[in-house]
Amino acid sequence: MTTEDDARDAALRRWAANAPGAVLLDGFHALKHALRFGAEVGTALTTDKAATLALARDLAGDLTDVLDALLVEVPVQTLRELVPRVHPTGVAALAARRDRQANLAALAQQPRRAPVVVLDNPRNLGNVGAVIRLAAGIGATGVITTGDLDPWHPNAVRSGAGLHYATAVERLPLEQLPSGPLFVLDPEGEDIRSVPLPDDALVAFGSERHGISPELRTRATRLVALPMRPQVSSYNLATSVAMALFHWGGPAPA
């Protein structure tokens, strides 16, 4: 048995041992972002290490050496047996979930420098991941979901491109939302363009199917609405969050 065989077998044993409870980083970009934002990655596999390192040199030169040391090459069939579907980049990794207590502390911190996004009982994991990705990109404090959907589900992490590690992502019941003025997106609200969003705001969005729950609506500090052409019924959830957070961000610095 060669040294490469030994390394592969050891990596697969680690994968089997760590998979329960670990976060699946599905694809090169998810692994790249997770590493950049401090994820503890235990095992990283690739079906073509040379191609993955070439991709790293093009897109993540800061991580090339780290990935060279971390990645273990395995056959495509082996990776197919470990993940629901192999990402086009042929990369998958397992990481520890971001510390819950650290996330809760970041969400509760006062004063906050950026809003917290609240997704009220979302139903689509792809939408949740897309919201997390844009919230991380614009610098929101975090994303909270209510309801039974896990925002750390592999499908959400995949669509979020691993940026769960760049912001605080947690699921909480309504009664445990952090303090701060609650701005709820609702068609009957004031035009959001006329309402400044404070840095410590909670900005809440309803589910794709049913909108804001009555329980959350009654807790609102203020109802606000996105501008929308008549006879258009709604925006995609991630689009709505992007519009609201862009409004909060204000004009570009001079």
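The values are calculated or read from the model by the stated rules, or taken from the named source; none is laboratory data. Note that the structure is predicted; figures quoted are calculated from it, not measured. Cβ coordinates were reconstructed from backbone atoms using ideal geometry, including for glycine residues, and neighbour counts include every protein chain displayed. These area figures cover heavy atoms from the full protein model, side chains too; ligands, DNA and RNA do not enter into them. Shrake-Rupley method; radii C 1.70, N 1.55, O 1.52, S 1.80 Å.
Structure above, values below:
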{"read-out": "Within segment 122-144, tally of residues that are in contact with a helix residue (DSSP H, G or I) (Cβ under 9 Å, 6 or more places away or on another chain) and open to solvent by 60 Å² or more (accessible area, probe 1.4 Å)", "value": "4"}
{"read-out": "Residue list for segment 115-132, filter: over 18 Å from Pro173 (Cα atoms), touching a His at 6+ places or on another chain (Cβ under 9 Å) and not aliphatic (A, V, I, L, M)", "value": "Gly129"}
{"read-out": "Cβ-Cβ under 8 Å pairs, at least 6 apart or on other chains, segment 202-226 side within 20 Å of Trp248 (Cα to Cα) and without any contact (Cβ under 8 Å) to a residue 60 or more places away in the chain, far side basic (Lys, Arg) and open to solvent by 30 Å² or more (accessible area, probe 1.4 Å)", "value": "Leu223/Arg217"}
{"read-out": "Qualifying residue in segment 164-175 (condition: in a strand (DSSP E or B), within 24 Å of the chain's Cα centre (by Cα) and acidic (Asp, Glu))", "value": "yes"}
{"read-out": "In segment 10-22, residue nearest to Val72 (Cα to Cα) [restricted to those that are of a type outside the set (S, T, N, Q) and surrounded by 12 or more Cβ atoms within 10 Å (Cβ to Cβ)]", "value": "Ala11"}
{"read-out": "Meets criteria (out of contact with any Lys or Arg (no Cβ under 8 Å at 6 or more places or on another chain), open to solvent by less than 10 Å² (accessible area, probe 1.4 Å) and in a helix (DSSP H, G or I)) for Val157", "value": "yes"}
{"read-out": "Test result for Val86, open to solvent by 40 Å² or more (accessible area, probe 1.4 Å) and either part of a loop (DSSP other than H, G, I, E, B) or modelled with pLDDT under 95 (or both)", "value": "yes"}
{"read-out": "Residue in segment 92-101 that is surrounded by fewer than 18 Cβ atoms within 10 Å (Cβ to Cβ), in contact with a helix residue (DSSP H, G or I) (Cβ under 6 Å, 6 or more places away or on another chain) and closer than 16 Å to Ala161 by Cα present", "value": "no"}
